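These notes concern the structure reproduced below.
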Amino acid sequence: MPRWAITLISLAVLIGAWEFFGRDINPVFGSYPSAIAVAFVELVRTGQLGAALYESLRPFVVGYGLAIMVGVPLGLIIGRFRVVEAALGIYVTAGYAMPLVALVPLLILWLGLGFAVKASVVFLMSLFPICINTWLGVTAVPKSLIEVGRAFVAPDSVILRRIVLPATLPYIMAGIRLAVGRAVVAMVIAEFFTTISGLGAIIINSANNFDTATMFVPIVVLMVLAIGLNGLIGWVEHRVAPWQAEIAGRDE
Amino acid sequence: MGSVELIDVSKTFMLRVDGAQQTVRALENLSFSVSDGEIVALIGPSGCGKTTALRIAMGLDAASGGKVAVDGVTVIGCGHDRGMVFQHAELLPWLTALENVMFGLEMKGMRGAQLRETAQRYLALVGLQDSGNRRPYQLSGGMQQRVGIARALAIDPKVLLMDEPFGALDAQTRETMQAELIDIHARTGKTILFVTHDLDEAVLLADRVVVMQHGAVQEIMNVPLPRPRGDLEALRGSAAFTETRYRLWRAINATDH
Ligand SMILES: Nc1ncnc2c1ncn2[C@@H]1O[C@H](COP(=O)(O)OP(=O)(O)OP(=O)(O)O)[C@@H](O)[C@H]1O
Ligand SMILES: [Mg+2]
């Protein structure tokens, strides 16, 4: 059976069960797929969902994109150079565990309530898993491959770019994937705690109105978004590292 | 030109085993030389320091004492005057066979059309002109090893250093590769130092065999077989081969006590 078919069956079973049991629950305490679908159509029709999505995605894309652009090189350098690892490694490890929600008020003081603070929250949440994974990947590069570079008198910068980077790519992609989830969470947190906006605003407003079905719409949209991004990243990974799938010993 | 001399080379490894500091004396005043155009085999029991000697000759490891000279000049670190063929090929998995050969050339500063042409020429030299666009995982072990040899040869080093280059191959492929190496040597006249566990291989390919024991030279044996050695098969049947192989076997077994 093809993989997508298995996924589809799994989805159908879950949604079916939710629909079946969800109907018996008081609509304030829970909701069910068909009610959420109705709310979804309504939100799309009024244009609210599209606008909110756009508003949410802007800081998301900027923060997440910056996290990749900063996290990957930073992880490469930390993993490659002992001095940098000794100097910066602890901050990255600590940063990963940082209770970001608690820092949001401080960020607001620095950056205000608008776009900048939201992008920063997304950036800070996704930076560390990307950086740590890259760092980990670098330390796992076989010494023998580095020695190929050394044997042919490659300068350090070339070894980093042409041997360490491609060898680390699977780890980097894993980090970028892990960061998707954290970035989505960060985006909603930012919208809750700064200017209430975007998808987060729909969640809060409908929750305040006890409109649970509508509240579920952005949540589902966000999860679908994360799945879509994950798939996109997997596709990119396949394009940039086609050898990886061939060497990996996974059964199809 | 392309002579290599190892002069009183020593190597001590420090390692920690269960918290206790240990020193391993891998090489102790190892001295031997390979003259220009010569093929020398390094043979000896496991752990006697063959790989260590080769890595120091290449410059991948630093000697604790002594020195390595290429054409009389002491070398520090790796250089384009030496080309290394690794035991397990060590091709870069994300590059095609051709790109792997090109990598070494690029590091030597070659650019442009010449780069691809030269790499293609060396792939052809090892009989892989038609597999240039394959990635390492799409090549057999023997083909990978040949790409590794092409990569090392392409930078036109004075000396080729090879660590058990055919050790991981099946007997038949190994014989093909040995013939190929003899052929390449006849055409390029490269100085070659290679490590092997295989007595036949040492006698067939080398002009001299350095027998090592406990990080030092136990004996250096001449191989009185004529060059060029076009027909390895006939050579295997010759009395001179059998006799030399027996002498070498005796030399190695004498070290085992
Ligand atoms: N990086 C290292 N750290 C510590 N000890 C090492 C290291 N490399 C080699 N040694 C030790 O040095 C000695 C020589 O090792 P080497 O790999 O040169 O042997 P070898 O002759 O190539 O053996 P083999 O035929 O099994 O490949 C061994 O005792 C080994 O344990
Ligand atoms: Mg060895």
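The values are calculated or read from the model by the stated rules, or taken from the named source; none is laboratory data. Here the structure is a predicted model, which is why all the values come from computation and not from measurement. Ideal geometry is used to build each Cβ from the backbone, glycine not excepted, and the neighbour counts take in all protein chains shown. With ligands, DNA and RNA removed, areas are computed over all heavy atoms of the protein, side chains included. Shrake-Rupley method; radii C 1.70, N 1.55, O 1.52, S 1.80 Å.
Charge dipole (Cα centre; +1 on Lys/Arg Cβ, -1 on Asp/Glu Cβ; no other charges) of region B:1-91 amounts to roughly 320 debye. Report relative contact order for region A:1-124 in percent, whole number only (criteria: Cα-Cα under 8 Å, sequence separation at least 6). With pairs under 8 Å counted, the relative contact order is 27 percent.
Evaluate peptide B:82-92: per residue, the Cβ atoms of other protein chains within 10 Å of its Cβ; return the mean as an integer.
Working: counts 2, 2, 5, 1, 4, 1, 1, 2, 6, 2, 8.
Mean partner shielding for this stretch: 3.
Counting Cα-Cα pairs of chain A in 10 Å increments starting at 0 gives whole-percent bin shares of 7, 24, 28, 23, 13, 4, 1, 0.
Compute the semi-axes of the equivalent ellipsoid of region A:114-225, taking the square root of 5 times each eigenvalue of the Cα gyration tensor, and list them largest first in whole Å. Kindly include the intermediate steps, with their values, before the conclusion.
Working: eigenvalues 372, 36, 13 Å².
Taking √(5λ) for each eigenvalue gives 43, 13, 8 Å, largest first.
A crude spin-label estimate for the pair residue B:36 and residue A:34, with each label 7 Å from Cα along the Cβ direction, gives 9.2 nm.
Return the FRET efficiency for the residue pair residue A:90, residue A:11: r is the Cβ-Cβ distance, R0 is 56 Å, and the value is rounded to the nearest 0.05.
Values: r = 43 Å, r/R0 = 0.76.
Plugging the Cβ-Cβ distance into 1/(1 + (r/R0)^6) gives 0.85.
Ligands, DNA and RNA left out, the accessible area of chain A computed with a 1.4 Å probe is 71% carbon and sulfur.
Given a 1.4 Å probe and the protein chains as shown, residue A:14 ends up with an accessible area of around 110 Å². Please give the Cα centre distance for region B:191-241 versus region B:97-138, rounded to the nearest Å. What the calculation gives is 30 Å, centre to centre.
Of the residues A:186, A:158, A:136, the one whose Cα sits farthest toward the positive end of the charge dipole of region A:55-238, with +1 on the Cβ of Lys and Arg and -1 on the Cβ of Asp and Glu, is A:158.
Take the Cα of residue A:157, step 7 Å along the line toward its Cβ, and report every residue of region B:74-93 whose backbone nitrogen sits under 11 Å from that point. Residues passing the 11 Å test: none.
The gain in end-to-end length when the residue A:106 to residue A:144 segment is fully stretched comes to 9.0 nm, 0.36 nm per residue minus the alpha carbon separation.
In units of the rule-of-thumb radius 2.2 N^0.38 Å, region B:38-149 shows an alpha carbon radius of gyration of 1.21. With a Förster radius of 30 Å applied to the beta-carbon distance between residue A:83 and residue B:73, the computed FRET efficiency rounds to 0.40.
Find, to one decimal place in angstroms, the Kirkwood hydrodynamic radius of the protein assembly as shown, where the mean of 1/r is taken over every pair of different Cα atoms and then inverted.
Details: mean 1/r = 0.0365 Å⁻¹.
It works out to 27.4 Å.
The calculated FRET efficiency for the pair residue B:17 and residue A:70, based on their C-beta separation and a Förster distance of 45 Å, comes to about 0.65.
Note the per residue figure in Å³ for the convex hull of the C-alpha positions in chain B.
Each residue corresponds to 141 Å³ of Cα convex hull volume.
Build a GNM of chain B with springs between Cα atoms under 10 Å apart, and of B:20, B:41, B:53 the one that fluctuates most is B:20. Relative contact order of region A:55-238: 28 percent, from C-alpha pairs under 8 Å at least 6 residues apart in sequence.
Run the numbers for residue A:98 and residue A:113: contour at 0.36 nm per residue of separation, minus the present Cα-Cα distance, in nm.
Details: separation 15, 0.36 × 15 = 5.40 nm, distance 2.08 nm.
Value of the extension gain: 3.3 nm.
Distance between the modelled labels on residue A:23 and residue B:25, one decimal in nanometres: 8.7 nm (7 Å Cα→Cβ projection). Extending 7 Å from the Cα toward the beta-carbon at both residue B:138 and residue A:248 defines two label points whose distance is 2.0 nm. Suppose we take every Cα in region B:107-257 and form the convex hull; what volume per residue is that in Å³? Cα convex hull per residue, to the nearest whole number: 136 Å³.
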